[in-house]
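Below: one structure, written as structure tokens.
The values are calculated or read from the model by the stated rules, or taken from the named source; none is laboratory data. All values derive from a computational prediction rather than experimental measurement. Methodologically, a virtual Cβ is constructed for each residue, glycine included, from the backbone with ideal geometry; neighbour enumeration extends over all protein chains shown.
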Amino acid sequence: MTEVFAKRGYQAASVGNLITGAKMSMGSFYKEFDGKEDSFLQVYDRVIRRAQERLEIEIPAGADWEAQAISGVRALVGFVAEEQMSARIVLVEAQTSGPEVQRRHGEVLAGLAGFLRRGRDFGSAAGKLPENAEDAAVSGLAWLLQSRLTRSGLKDAGKLGEEVTRLVLEPYIGREPADRAARRPPAAKS
């Protein structure tokens, strides 16, 4: 179903397309799902869980905020690059789906913004940030990944990971430290 939603789009995908793609009967579909929106919601939730698992693996246990941010950005960009069909579900199709998916999507973005807000306690430059800086940063990151995914794919995930790391860190720790951090090799995994 991930592939059907990713290739056709949420709006254009029909229950018939989903049944064919999943190689299941109509009865099995309705036994498992309440309808198209419910099936999309379950696909969305599964993709989010896999991305969260990737972050948990990639972010070093006990690391400070900066190391977590570096590892997290790299893991997120890597996940999008490696699982582009799944990433389309979260970054593209969730925006055209039903209200429950949009609510959950908003929670995911708010969680990422909450993580970034913790950076205000880490760096000296963070005190000058506007109140909604983290929301804007997360929205911008989502837009950047979405546009790269829909236009050209993410063939240069390593370079993009460095650029995004720099953009995420600079408001908190300053330009030069962010440049150094972006070029730093990945931290040891937990």
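Couple of notes before you dig in:
- From the options 13, 63, residue that is of a type in the set (A, V, I, L, M) and within 21 Å of residue 166 (Cα to Cα): 63
- Under the condition of being hydrophobic (A, V, I, L, M, F, W, C) and closer than 13 Å to residue 112 by Cα, the residues counted in the range 66-76 number 3.
- Yes/no for residue 75 being free of Cβ contacts under 8 Å to residues at least 24 places away in the same chain, touching a Leu at 6+ places or on another chain (Cβ under 9 Å) and among the small types (Gly, Ala, Ser): yes
- The one condition in (1) within 26 Å of residue 82 (Cα to Cα); (2) surrounded by 16 or more Cβ atoms within 10 Å (Cβ to Cβ) that residue 153 fails to fulfil: (2)
- Of all residues in the range 128-181 being of a type in the set (Gly, Ala, Ser) and at pLDDT below 90, the one that is farthest from the chain's Cα centre (by Cα): 174
- Once the range 88-103 is narrowed to residues that are buried (at least 17 other Cβ atoms within 10 Å of the Cβ) and not aliphatic (A, V, I, L, M), the residue that is nearest to the chain's Cα centre (by Cα) is 88.
- Test: residue in the range 103-114 that is of a type in the set (Asp, Glu) and modelled with pLDDT under 95: no
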